[in-house]
1. Out of all the residues in region 54-62, is one or more β-branched (Val, Ile, Thr), touching a helix residue (DSSP H, G or I) at 6+ places or on another chain (Cβ under 8 Å), at pLDDT 95 or above and not assigned by TED's automatic domain parsing to the domain that holds residue 228?
2. Could you check how many residues of region 233-258 are surrounded by 20 or more Cβ atoms within 10 Å (Cβ to Cβ) and part of a helix (DSSP H, G or I)?
3. Sort through 114, 134, 138 and tell me the only one that's surrounded by 13 or more Cβ atoms within 10 Å (Cβ to Cβ) and in contact with a Pro (Cβ under 6 Å, 6 or more places away or on another chain).
4. Starting from residues that are outside any loop (DSSP other than H, G, I, E, B) and polar (S, T, N, Q), keep the ones in region 259-282 and report whichever is farthest from the chain's Cα centre (by Cα).
5. When you go through 173, 198 one by one, which is the residue that is touching a Lys or Arg at 6+ places or on another chain (Cβ under 7 Å) and aliphatic (A, V, I, L, M)?
6. Which of the following residues is in contact with a Leu (Cβ under 6 Å, 6 or more places away or on another chain) and at pLDDT 95 or above: 145, 134, 185?
7. Give me the pairs, please: first residue somewhere in region 246-270 and in contact (Cβ under 8 Å) with a residue 12 or more places away in the chain and on the phi > 0 side of the Ramachandran plot, second residue anywhere and outside any loop (DSSP other than H, G, I, E, B) and among the polar types (S, T, N, Q), beta-carbon distance under 6 Å, and either six or more positions apart or on two chains.
8. Within region 306-328, can you find the residues that are outside any loop (DSSP other than H, G, I, E, B) and in contact with a strand residue (DSSP E or B) (Cβ under 9 Å, 6 or more places away or on another chain)?
Amino acid sequence: MTATLRLALFTLLLAPSFSHAGLKTGSEDNAVFGGLPYPIEAALTAGQKLGVVGFETPYSLTPAAEYDTVLLQGEMSDPALRVEIAVKGRSFFSAASVYAPSSSRRFSNGRFWARFSVPLTRQPFKLRVVNLGAADGAKLSFYEAEMTVESLSREAPPPPAEKPYIPDPSLSLPYSAPFKMIRRAEWKAELPKSSYTLHQPFYFTLHHTQGNYPKTPEAAISEIQFVQDYHQNAKKWIDIGYHFMVDPFGNIYEGRPIRVEGAHVLSRNTGNIGISIMGNYHPPVSNPVTPASAGSFVTIGRYLKDTYAVNVSSFYAHRDIGNSDCPGDDLYARKAELRDLIFTPQPAPLPVNLSDAPPLTPAQQQSLTRLKTYLLSIEASPQ
C-alpha cells in the first residue's frame with residue numbers, strides 16, 4: 001500500500017460521518033433503527049445481571065441535519081428498567097457517548113416518557129435498556145424516538161408569572177355546540193404553562209397518538225393525561241398539542257381551546273385545528289378504527305365546516321403537511337371516506353312527526369284506503 005493510499009484511508013477513518021439518509025432538523029418523525037418496526041419491543045431474559053444493558057437497538061440512520069434532543073415515549077412494565085441512548089462516535093476510533101435522561105416520568109399504568117439532551121450533533125444513536133432489578137420477563141415498548149432541536153420544537157418558554165394562567169372560558173368550544181365533549185376539568189387537565197396565542201380556525205388536521213389504544217373510557221382518560229404530561233414536560237410545549245382527542249368509544253375530549261393555536265404540526269399551527277384519534281393505526285400495530293371514533297371525527301369536522309366555513313381543500317392528514325407517518329397508513333387510507341362524510345351534503349332527516357310529512361300521492365292514498373278496508377274486514381269477521 002502506498003503512502004498516499006494509507007494517508008487517504010487514515011483520513012477517511014478519522015472523518016465524521018455525514019450521510020444524509022435520515023431525518024431533518026425539527027423532524028416530527030421517528031428515527032429508524034435497522035428496519036425495526038414501531039413499537040420497538042425490548043424484553044429482558046432470565047439470568048441477566050443487574051446494571052448491564054439487557055437490550056439495545058442497532059444505530060439509527062444518520063440524520064440529515066443536527067439535533068440536540070431525543071424524545072422517547074412508550075410503555076414500561078417494571079420501574080426497575082432504565083432507558084439510555086448511545087450516540088455514535090464521530091470517527092472510527094471514537095467511543096460512543098452514553099446519556100441518561102435529563103428528565104423522565106413513568107405513570108402507574110406503565111406509560112413513560114424520557115427526554116435526552118446532547119451536544120448538537122448529526123451522529124446516529126441507539127436505544128438501550130438497563131436492568132436495575134426488574135423481574136424476569138419485564139418488557140419495554142418504544143412507541144416513539146424523535147430527534148429534534150429544542151429551539152425549533154419547543155414553544156416559547158413561559159414568562160415568570162406571579163400566579164397560574166387560567167384561560168378565559170370564551171376561548172373554548174361553546175356549550176351550544178351540537179355534540180357532547182368531555183371538558184378539560186372533567187379529565188383533570190393541568191393548567192397551561194403560559195398564555196396561549198389566539199387564532200381563527202380555517203383548516204384542520206387528522207392525527208393519531210401513536211400510543212396506547214384504550215380498552216375502557218377510564219383508560220382513555222389516563223392516556224390523555226399522559227399525552228398532556230408528555231407534551232408539556234418532555235416536548236416543552238405550553239399545553240397538550242391537540243384541540244380534540246377521540247377515543248375508540250367515540251368520546252370527544254377537549255384539548256387546547258379551539259380559539260388558540262395548537263402544537264401538532266411543525267410550523268403549521270396558526271388556524272389549524274388538531275384532531276387526534278387515540279391509538280396506533282400504522283403497521284404492524286394497526287389498531288382498528290372503530291365506527292364510533294370515525295363518527296366523532298366526522299362530527300367535529302362538520303362543526304368546523306359549518307362554524308368556520310372550512311372547505312373540502314382545507315382538511316389534511318399530518319403527513320400531508322409535515323414530515324411524519326402520522327396518522328398511520330390504515331387511518332390515512334380512510335381519509336377520503338372521512339372527507340366525503342364531512343363535506344358531501346347529507347340527505348334531509350326523516351320527519352319526526354307525521355304532521356311534518358309531505359302529503360300522500362293519489363296512488364299512496366288509494367293503497368292506504370285498501371289497507372284500512374282490509375283491516376276492518378278482518379276485525380268484523382267471526383272468529
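The values are calculated or read from the model by the stated rules, or taken from the named source; none is laboratory data. Bear in mind that the values here come from a model prediction, so they are computed numbers and not experimental data. Cβ: placed from backbone, ideal geometry, glycine included. Neighbour counts: every protein chain shown.
1. Scanning region 54-62 turns up no residue that is β-branched (Val, Ile, Thr), touching a helix residue (DSSP H, G or I) at 6+ places or on another chain (Cβ under 8 Å), at pLDDT 95 or above and not assigned by TED's automatic domain parsing to the domain that holds residue 228.
2. Number of matching residues: 1.
3. Values: 134 fails: in contact with a Pro (Cβ under 6 Å, 6 or more places away or on another chain); 138 fails: in contact with a Pro (Cβ under 6 Å, 6 or more places away or on another chain).
Matching residue, one of 114, 134, 138: 114.
4. Let us first name the residues in region 259-282 that are outside any loop (DSSP other than H, G, I, E, B), namely 260, 272-277.
Within this subset, residues satisfying the condition of being polar (S, T, N, Q) are 272, 276.
Details: 272: 15, 276: 6 Å.
Going through the qualifying residues, I end up with 272.
5. Details: 173 fails: touching a Lys or Arg at 6+ places or on another chain (Cβ under 7 Å).
Every option except 198 fails the conditions.
6. 145
7. That search, which allows pairs on different chains as well, returns 250/293; 250/296.
8. 308, 313, 314, 315, 316, 317, 318, 320, 321
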